[in-house]
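Here's the structure, in structure tokens; my notes come after.
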2 protein chains.
Amino acid sequence: MNTSIIGSGNVAWHLGKALQQAGHKIVAVYSPTPSHRKELAEELVSAMTLDSLDMRNIDAELFLIAVPDAALASVAAQLQVPAGAIVAHTSGSQPLAALRGIAGAQTSVFYPLQTFSKSKPVDFKNIPILLEATVPETLHPLQLVANSISEQVYEVSSTKRKHLHLAAVFACNFTNHLLGISRELLQQADLPYTLLQPLIQETIAKAMQQHPFDVQTGPAVRQDQNVIEEHLKLLQDQPLYQQVYQLLSQSIQVQHPKE
Amino acid sequence: MNTSIIGSGNVAWHLGKALQQAGHKIVAVYSPTPSHRKELAEELVSAMTLDSLDMRNIDAELFLIAVPDAALASVAAQLQVPAGAIVAHTSGSQPLAALRGIAGAQTSVFYPLQTFSKSKPVDFKNIPILLEATVPETLHPLQLVANSISEQVYEVSSTKRKHLHLAAVFACNFTNHLLGISRELLQQADLPYTLLQPLIQETIAKAMQQHPFDVQTGPAVRQDQNVIEEHLKLLQDQPLYQQVYQLLSQSIQVQHPKE
């Protein structure tokens, strides 16, 4: 499918390359920053660069918007596409209705559920792609495109995608923060972070195989008050981490009441 | 080295098998539960089963205590070993001093830093083993034993081991709990947990390569108050999860002040 990409960040970069590799023609790349659109167009060999959101004359059936969430409303207000073209945003947190204002377009969502960095190649095959369309007829062509790069394609409503995004904040953003705290605590004790890596990997591997609540370990679930109090003492100069320790221990204990 | 194992749980099971495979002779296995000691002795072909902690006549140089933390004091109070034998406990949270009372023994710690389940085989080669000894002469034989099963052997004091244990609570126990919450949130929205797995795996892989604070993503670090408030609204019937969301977002924002 002839595709035009609006944006030049990590998602635009990886998605554009995956689509090109699957045989789709990337006809145009838009970015307000000249060097950014040029850099991406060098990767997407058939793409011209655009500095305007008036795309009424672009020969494409699919327009993928891959811009920061905060820029989406402004892009949607300015974007003009050929009548009947499919326009999809790629955001996890924004509803389909964010594209409401685009005249004559079949608005939809094409959300690849992964965290991207330009420097790190990704295998799209295993990345879930979540689709949503305003009218059912749009769904089939979107599914064909999604299936051409991924083996995990789902139709998910804006409401469900919002719940999914909330779950991802717990599973990824908060988890990452806790790993950062653990790294800081090791540094303070002059211990190498590599010490904890096998344990972290095994914890995650177990949590993938079983419900994490069923394999919970540690002082909180053991109701080991001596160890908990010693840990809180070690954290006495870091009151926010002390609060995090207390609240998560409490949450674990509410989840696993004493037998 | 001729070794005797006190305990028959997950650590005793995996450590015993790894030592046997490395060519050490496991001469005896103690457990207060007949079926448990019998079951383990079937795995450790040269081992006799013991129902008493009077081991003065056991022909072993190393006595490894692998019992629950709560049972360690009682085992240490009853254990009797040949004069000069090395006695090591395998606990992450207990100090070396927990073995103080064992007469005539060279007390020490032999702590494999991993979470074990009997049903899941582990590769000891990559499991850090943390050693500590009351007298320096004990350290060398312990190192030989540890090096025979693992490539990651460290000498770590009781104080440092306590900090390490605290860091592990954040990195593993708390992380596991957050993964459990995310799974529950997905279930409530009738979404499959598999959706989040690629994202979780990529998050962990990144956090292993870089300092997690340097790769933090999500609404808190973006100071995206709209999304944060929507998420808190979704959690309104789960006040404890709401508190966890607020406190971790606050902790992320303190760590990453607005530019």
With axes computed from alpha carbons, what is the tilt in degrees of helix A:136-149 against the longest principal axis of chain A, rounded to the nearest 10 within 0 to 90? 70 degrees
Please list, or write none, the aspartates and glutamates whose alpha carbon is within less than 20 Å of the alpha carbon of B:Lys233, excluding same-chain residues fewer than 8 places away. A:Asp69, B:Glu184, B:Asp190, B:Asp224
Return the tail of the calculated pair distribution for segment A:184-259, meaning the percent of Cα-Cα pairs more than 19 Å apart. 50 percent
Cα extents of chain A along the three principal axes, largest first (Å): 71, 38, 31
Measuring from a point 7 Å past the Cα of B:Gln209 along Cα-to-C-beta, which residues in segment A:194-221 have an amide N at less than 20 Å? A:194-202, A:204-205
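May I ask you to derive the relative contact order of chain B, considering only C-alpha pairs under 8 Å and at least 6 residues apart, and to give it as an integer percent?
12 percent
Other chains' Cβ within 10 Å of B:86-98 residues: what's the mean?
Shielding by partners across B:86-98 averages 1.
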Distance in nm between pseudo-label sites at A:Ser158 and B:Lys233 (7 Å out along the Cβ direction from Cα): 1.2 nm
What is the mean number of Cβ atoms from other protein chains located within 10 Å of the Cβ atom of each residue in peptide A:42-54, rounded to a whole number? 0
Helix axis angle, A:197-209 relative to chain A longest principal axis, alpha carbon, degrees: 70 degrees
So how tilted is helix A:239-255 from the main axis of chain A? Cα-based, degrees 0 to 90, rounded to 10. 90 degrees
Need one value for B:226-233: mean number of C-beta atoms belonging to other chains within 10 Å of its residues' C-beta atoms. 3
Student exercise, the protein assembly as shown dipole from Lys, Arg, Asp, Glu Cβ charges, in Debye to nearest 20: 20 debye
Say R0 is 22 Å: what FRET efficiency, to the nearest 0.05, do B:Asn226 and A:Leu240 get from their beta-carbon distance? 0.35
Diffing segment B:171-188: the Karplus 3J(HN,Hα) column from phi (6.51, -1.76, 1.60, θ = phi - 60°), in whole Hz with x for Gly and Pro, holds 6, 10, 5, 5, 4, 4, 5, 5, 5, x, 4, 4, 5, 5, 4, 5, 4, 4
Which residue, A:Leu44, A:Leu186, A:Leu144, tops the fluctuation ranking in a GNM of chain A built on C-alpha contacts under 10 Å? A:Leu186
Using amide H atoms built 1.01 Å from N in the peptide plane, name the residues 5+ places from B:Ser91, or on other chains, whose amide H lies under 5 Å from its own. B:Phe110
Copy-to-copy label separations for B:Ala103, where each label sits 7 Å from Cα toward Cβ, in nm and ascending: 9.8
What ³J(HN,Hα) values, in whole Hz, does the Karplus curve 6.51 cos²θ - 1.76 cosθ + 1.60 give for segment A:104-112 when θ = phi - 60°, with x put for Gly and Pro? x, 9, 8, 7, 6, 10, 9, 10, x
Going by Cα centres, segment B:7-22 and segment A:142-197 are how many Å apart? 34 Å
Given labels modelled 7 Å from the Cα in the Cβ direction, how far is it in nm from B:Thr217 to B:Asp54? 6.5 nm
Of the listed pairs B:Lys206/B:Lys258; A:Lys120/B:Lys120; A:Lys162/B:Lys206, which have alpha-carbon separations greater than 27 Å here? A:Lys120/B:Lys120
Which percent, to the nearest 5, of DSSP beta bridges fully inside the protein assembly as shown are antiparallel? 20 percent
Please state the charge dipole magnitude for chain A, taken about the Cα centre, from unit charges on C-beta atoms (+1 on K and R, -1 on D and E), reported in debye and rounded to the nearest 20. 280 debye
Quick one: check the C-alpha center-to-center distance for segment B:199-225 versus segment B:73-89, whole angstrom. 46 Å
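No value in this document is a laboratory result; all are computed from the given coordinates. Note that the structure is predicted; figures quoted are calculated from it, not measured. Glycine also receives a Cβ, built like all others from the backbone with ideal geometry; neighbour counts cover every protein chain displayed.
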